[in-house]
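What follows is a single structure, written as structure tokens, with notes after it.
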Amino acid sequence: MSGICGRLNLDGSPIDKSLLERMTDVLSHRGPDDSGIYINQEIGLGHRRLSLIDLSLGHQPMSNETEKIWIVCNGEIYNFQELKENLIKNGHSFKTHSDTEVIIHLYEDYGISCPKQLRGMFSFAIWDIEKKRLFLVRDRLGSKPLVYTRDKQRFLFASEIKSILEDKDIPREIDPIAIHHYLSYGYIPSPLTIFKGIKKLSPGSFLILEKKEERIERYWMPVYQPKLKISEDEAISEILRLLKEATRLRLISDVPLGAFLSGGIDSSAVVAMMAGLMERPVKTFSIGFEEEDFSELPFARIVSKRFQTEHNEFMVKPQTIDILPKLAWFYNEPYADSSALPTYYLSQMARKYVSVALLGDGGDELFAGYDRYRALKLSLLYDKIPKIIKDTIFALVKRFPEGSRRNDLIRKLKRFLGAMSEEPRRRYGRWLTSFKNDEKQRLYSPEMKEKTKDVDSIELLLSLYNLAPTDDLLEASTFTDLMMNLPDDLFIKVDIAGMANSLETRSPFLDSELVEFVLHLPFDIKLKGNKSKYILKKAISNILPKEILRRGKMGFGVPLARWFRQELKDYIYEVLLSDKAKNRGYFNITEVKRLLDEHTSGKTDYGYPLWTLLFLEVWHNVFVD
């Protein structure tokens with residue numbers, strides 16, 4: 001695992017070595033073990049390394065034998081040993097045992113089609129001296145980040161925005177449209193970033209810059225057809241085989257490994273696979289809260305006991321929010337997924353014992369595990385109810401007050417019914433978003449309203465529905481999550497939290513062969529009736545404890561509502577109503593105060609929207625002020 005960066009001067013002028021060193025050093029948390037730069041007139045490549053494989057010889061930037069092709073890579077290639085054997089048969093020689101060297105020789109043989117052969121998580125940059133070509137690549141699902149910017153004089157890229165900002169000539173102009181989308185989704189969707197002119201390279205894509213001409217192409221998209229015609233037993237057998245193989249590949253390391261364990265289906269399945277493959281007890285790490293309805297520790301302990309793991313726990317309390325400015329620095333742009341907070345502490349704890357942690361990310365998107373998939377399916381049935389009955393139900397539910405518990409049924413019903421006036425794809429978008437369009441209009445200052453007029457954040461989601469290679473609405477919804485929510489939210493969360501603590505995270509569920517197999521399974525064996533993850537649960541029914549298989553989905557949330565009404569009440573008023581916040585010019589401060597007052601009085605739960613505003617302001621304190 002690493003941090004990478006680089007600069008290409010399009011006018012042919014020499015690279016400023018001190019700038020490249022600063023760009024590289026600001027990524028030191030991503031790679032504390034080694035540092036390297038390569039400069040050749042107009043091109044400069046930088047690399048920070050977290051040593052996991054070939055600890056002594058894996059130094060980067062790395063070249064081929066003739067030193068005509070150079071690479072910097074962030075990530076892991078899990079099938080590199082198989083690829084290496086074939087490359088040796090084709091006449092290539094290797095000077096290291098590193099997986100990165102495999103990519104160089106693949107590029108020599110296959111050119112820009114080489115990413116299609118890679119099974120792993122990665123972002124890398126290749127400089128081809130003879131072709132004067134810069135080749136940037138991001139893995140299929142976007143596990144590893146890559147951002148870039150360009151003007152007439154220069155092209156820069158990096159694992160993180162802060163590396164690019166080491167070049168003081170790069171404008172730091174805030175993009176109001178990015179903030180507009182952030183308020184809806186809690187993150188900034190690709191290819192946008194918070195800064196105008198700096199872009200994210202989309203997952204499954206590569207960028208080629210050659211003779212000053214730039215083009216971006218997709219080399220991979222999820223494919224759902226044709227559907228496999230196999231029995232449930234055959235599907236179960238192959239799921240278990242692929243999951244075990246994906247886990248085995250992710251155990252290849254020259255440093256200690258462990259696992260994040262929430263006690264949910266996915267992380268528990270990964271721990272089960274690890275326990276069957278490792279000679280020593282698995283080291284597991286879990287996070288909890290004093291608020292019982294947010295804490296999954298009892299379930300994690302059940303799994304730990306079943307597989308006899310060496311278990312470690314950390315309790316997150318309101319005071320741990322003091323880390324927020326540091327999180328803003330690491331996340332580079334506004335990011336409102338509140339589970340970033342416990343994920344950071346989980347990574348910090350794990351890093352004391354291991355350098356690599358396996359986790360269960362991706363299981364919900366692949367096997368239809370989110371409650372919103374079931375809600376969408378139910379909503380299609382609800383559409384068939386006569387309007388007079390629906391109006392009566394809605395009026396009745398509105399009269400009931402919301403409870404304070406996390407999974408309060410009345411709150412869920414109000415959220416469900418509040419979106420039913422929309423067509424199905426837009427109602428799915430409503431369930432994904434924090435601030436709705438009308439709420440943003442009330443929140444915005446006149447200037448912000450003008451800058452964002454006619455921009456509907458839900459259209460981003462609708463454009464993905466239009467790309468979905470399936471006619472099934474529910475399956476298309478999982479496609480939108482694979483394309484946007486997974487890379488721009490969940491992957492960013494674990495990558496940044498892990499790398500902030502120099503910890504690599506790996507998810508077996510995101511193995512390309514497992515992903516492509518599951519995509520071709522009939523959707524009705526993933527969400528069967530009202531049973532989410534049906535085929536996965538059946539596959540592991542004889543492996544995991546029954547308490548884990550039968551538990552409801554909880555998610556990795558934070559008790560924001562209670563914290564903002566109690567221990568953090570003064571703090572959030574102070575930050576959101578500060579003179580600095582007022583002078584940003586984004587919001588109507590009267591509306592912000594109304595949200596605060598109604599939340600702290602217990603009238604309405606605005607915990608997550610307030611967290612979204614809080615992180616935005618703290619980010620400005622760190623990156624702007």
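The values are calculated or read from the model by the stated rules, or taken from the named source; none is laboratory data. What you see is a predicted model, and the numbers here were worked out from it, not measured in a lab. Cβ placement follows ideal geometry from the backbone for every residue including glycine, while neighbour counts extend to all protein chains displayed. Just the protein is used for accessible areas: all its heavy atoms, side chains included, with ligands, DNA and RNA removed. Shrake-Rupley method; radii C 1.70, N 1.55, O 1.52, S 1.80 Å.
Please give the solvent-accessible surface of LYS546 in Å², to the nearest 10, using a probe radius of 1.4 Å with every protein chain present.
130
Taking amide H positions as placed 1.01 Å from N in the peptide plane, with prolines and chain starts having none, which residues 5 or more places from TYR444, or on another chain, fall under 5 Å of its amide H?
Amide H neighbours of TYR444, under 5 Å, 5+ apart: ASN588.
Using only the Cα atoms, what convex hull volume per residue in Å³ does segment 64-190 have?
135
Is segment 143-228 best put as rounded, prolate or oblate by its Cα gyration tensor, with a ≥ b ≥ c the root eigenvalues, rounded for a/c under 1.5, and otherwise prolate when a/b is larger than b/c, oblate when not?
Oblate, since a/c reaches 1.5 and b/c is not below a/b.
Between ASP151 and VAL624, with labels modelled 7 Å along Cα→Cβ, what's the label distance in nm to one decimal, could you check?
Taking the two extended label points, one gets 2.1 nm.
Compactness ratio of segment 32-109: Cα Rg over 2.2 N^0.38 Å, N = residue count?
1.08
Could you tell me what fraction of 2.2 N^0.38 Å the Cα radius of gyration of segment 267-379 comes to, as a two-decimal ratio?
The reported ratio for this selection is 1.21.
Given the alpha-carbon gyration tensor of segment 193-252, what are the semi-axes of its equivalent ellipsoid in whole angstrom, ordered largest first, with each equal to the square root of 5 times an eigenvalue?
38, 17, 12
For the chain, which whole percent of the accessible surface, found with a 1.4 angstrom probe, sits on carbon and sulfur atoms?
So the carbon and sulfur contribution to the accessible surface is 51 percent.
Set the Förster radius R0 to 41 Å, insert the Cβ-Cβ distance between THR590 and LYS227 as r into 1/(1 + (r/R0)^6), and round the FRET efficiency to 0.05.
0.15
Per-residue ellipticity at 222 nm for the chain, helices alone: DSSP H runs ≥ 4 residues times -39500 (n - 2.57), over residue total, nearest 500 deg cm²/dmol?
-12000 deg cm²/dmol
Over segment 165-261, what is the relative contact order in whole percent, taking alpha-carbon pairs under 8 Å and six or more residues apart?
Rounded, it is 13 percent for segment 165-261.
Could you work out the mean projected area of the convex hull around the alpha carbons of segment 323-367, in square nanometres to one decimal?
Average projection, Cα convex hull of segment 323-367: 4.2 nm².
Once you list every other residue whose beta carbon is under 12 Å from the beta carbon of LYS132, what net charge do they have if Lys and Arg are +1 and Asp and Glu are -1?
0
Let me test this: with uniform point scatterers at the alpha carbons of segment 473-625, what is the Debye-based log₁₀ I(q)/I(0) at q = 0.08, 0.15, 0.17, 0.21 1/Å?
-0.40, -1.03, -1.11, -1.32
Just report the Cα centroid separation between segment 526-542 and segment 360-432, whole Å.
21
Expressed as cubic angstrom per residue, what is the convex hull volume of the alpha carbon set of segment 395-547?
219
I'd like the GluC sites (Glu not before Pro) in segment 284-392 restricted to DSSP loop residues with at most 15 other Cβ atoms within 10 Å, sorted by number.
Of the GluC sites (Glu not before Pro), the ones in loops of segment 284-392 whose Cβ has at most 15 other Cβ atoms within 10 Å are GLU290.
Please compute the net charge surrounding GLY529, taking Lys and Arg as +1 and Asp and Glu as -1 over other residues with Cβ under 12 Å from its Cβ.
Result for the neighbourhood of GLY529: +4.
For the chain, what is the accessible area per residue in Å² when the probe is 1.4 Å?
About 40 Å² of surface per residue is accessible.
Translational diffusion coefficient, Stokes-Einstein: compute it for segment 360-465 using the Kirkwood radius over C-alpha pairs as Rh, at 25 °C and 0.890 mPa s, and state it as an integer in µm² s⁻¹.
The estimated diffusion coefficient comes to 154 µm²/s.
Assign unit charges at the C-beta atoms only (+1 for Lys and Arg, -1 for Asp and Glu), then state the dipole size of segment 522-591 relative to its Cα centre in Debye, rounded to the nearest 20.
My answer is approximately 700 debye.
If packing is taken as the mean number of other Cβ atoms within 10 Å per residue, what is the order of 253-265, 599-611, highest first?
With the highest mean Cβ count within 10 Å placed first, the list reads 253-265, 599-611.
From the phi of every residue in segment 375-391, what ³J(HN,Hα) in whole Hz does the Karplus formula 6.51 cos²θ - 1.76 cosθ + 1.60 yield, where θ is phi - 60° and glycine or proline is x?
Rounded to whole hertz, the list is 5, 5, 4, 5, 5, 5, 6, 4, 4, 7, 6, x, 4, 5, 6, 5, 5.
Quick one: Debye curve from the C-alpha atoms of segment 108-256, no solvent, what's log10 I(q)/I(0) at q = 0.12, 0.13, 0.15, 0.18 Å⁻¹?
-0.69, -0.78, -0.95, -1.16
Normalise the Debye intensity by I(0) for segment 515-591, one equal point scatterer per Cα, no solvent, then take log10 at q = 0.11, 0.20 Å⁻¹ and round to two decimals.
So the normalised log intensities are -0.62, -0.95.
When the distances between all Cα atoms of the chain are binned every 20 Å from zero, what whole-number percent does each bin get?
Taking every Cα pair in the chain, the percentages come to 19, 54, 25, 1.
State to the nearest 20 debye the size of the charge dipole of the chain about its Cα centre, where the only charges are +1 on K and R beta carbons and -1 on D and E beta carbons.
Its charge dipole is roughly 1720 debye.
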